[in-house]
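The values are calculated or read from the model by the stated rules, or taken from the named source; none is laboratory data. Everything quoted here is computed from the prediction, not taken from an experiment. Here the Cβ positions follow ideal geometry from the backbone for every residue, glycine too, while neighbour counts run over all protein chains shown. Areas reflect the complete protein model, heavy atoms only, side chains present, ligands, DNA and RNA absent. Shrake-Rupley method; radii C 1.70, N 1.55, O 1.52, S 1.80 Å.
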Amino acid sequence: GAVVSQHPSWVICKSGTSVKIECRSLDFQATTMFWYRQFPKKSLMLMATSNEGSKATYEQGVEKDKFLINHASLTLSTLTVTSAHPEDSSFYICSARAHGDTGANVLTFGAGSRLTVL
Amino acid sequence: AQSVSQHNHHVILSEAASLELGCNYSYGGTVNLFWYVQYPGQHLQLLLKYFSGDPLVKGIKGFEAEFIKSKFSFNLRKPSVQWSDTAEYFCAVKDSGNTPLVFGKGTRLSVIA
């Protein structure tokens, strides 16, 4: 079946540094990828929708200059947390929708990336 | 905007007990409904989904869910839980079109021997 890989699975960084998280669809092409943030005891919150070859669409309240998303190819989307602060510590999960599969399809999720900012 | 409510934050059951996790959504149009499970240390996996047809949906590992349109509900059930069902369960809803999933807050299930 479809597999989505996220890297790194866990990253610790110092406050003020930037961190890049990669999301790759391993055996299918993904025109659309979604980035979620999972807070403890809370739901997965959609951060942005990433479309290959175009700008990401950010949800209300998500700072686009802080969470940079690039979807340069049909198999790779990256999320860069710029100038990270401790409040950015969280679990970030990406999901992908297969190319040509719109509407009522199923998303495939990555395993998530845990970011800890010291 | 759509919203998804999962009423139980944490459910603790003994093995062999029956399970029902509630899920209600707010969208009034055509919806696609999903239950995802996240086992400890693992990624989200699809348990089952409803797109159309029979409102009683069978999923993996003995789970099922029933879509009741009049109640805007899609409750997850399992007649007899096992210790290995210990996980976090997320209900998710999506309307028709190229839109993302909206998740509930999740319900943590702890099954004790």
Might you report the magnitude of the Cβ-based charge dipole of chain A about its Cα centre, with Lys and Arg at +1 and Asp and Glu at -1, to the nearest 20 debye? 240
For chain B, build the charge dipole from Cβ charges (+1 Lys, Arg; -1 Asp, Glu) around the Cα centre, then report which of B:ASN8, B:ASN24, B:GLY106 sits farthest towards its positive end. B:ASN24
Which value, in debye to the nearest 20, describes the size of the charge dipole of the range A:1-51 about its Cα centre when Lys and Arg Cβ atoms bear +1, Asp and Glu Cβ atoms bear -1, and nothing else is charged? 300
Could you work out, residue by residue across B:37-45, how many beta carbons of other chains sit within 10 Å of that residue's beta carbon, and then give the average as an integer? 4
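Counting pairs of Cα atoms in chain A, how many percent are more than 18 Å apart?
On the way: 3174 of 6903 pairs.
Considering chain A, 46 percent of its Cα-Cα pairs are separated by more than 18 Å.
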For the protein assembly as shown, which cysteines have no second Cys with its Cβ under 4.7 Å from theirs? A:CYS13
Which residue, A:CYS23, A:PHE67, A:LEU107, has the largest displacement toward the positive end of the dipole of chain A when charges sit on each Cβ (Lys, Arg +1; Asp, Glu -1)? A:PHE67
Kirkwood Rh and Cα Rg combined as Rg over Rh, evaluated for the range B:23-67: 1.01
Per residue, how many Å² of accessible area does the protein assembly as shown show with a 1.4 Å probe? 48
For A:TYR36, which sequence-distant residues (separation of 5 or more, or a different chain) have an amide H within less than 5 Å of its own amide H, given hydrogens modelled in the peptide plane? A:MET47, A:ILE93, A:CYS94, A:SER95
Please work out the C-alpha center-to-center distance from the range B:52-68 to the range A:64-80 and express it in whole Å. 35
Chain B, Gaussian network, Cα under 10 Å: of B:LEU101, B:LEU47, B:LEU21, the residue fluctuating most is B:LEU101
Of all DSSP beta bridges located in chain A, what percent are antiparallel, nearest 5? 90
Can you list, largest first and rounded to whole Å, the semi-axes you get for the protein assembly as shown by taking the square root of 5 times each eigenvalue of its Cα gyration tensor? 30, 21, 16
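Net charge near B:LYS58: determine it from the other residues with C-beta under 14 Å of the C-beta of B:LYS58, scoring Lys and Arg +1 and Asp and Glu -1. Mind showing how you got there, number by number?
Values: positive: B:LYS49, B:LYS61, B:ARG77, B:LYS78; negative: B:ASP54, B:GLU64, B:GLU66.
Once positives and negatives cancel, what remains is +1.
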Among bridges DSSP assigns within the protein assembly as shown, what percent are antiparallel (round to 5)? 90
Compute log10 of I(q)/I(0) for the range B:1-86 with the Debye formula, placing one identical point scatterer on every Cα and leaving out solvent, at q = 0.17 Å⁻¹, to two decimals. -0.73
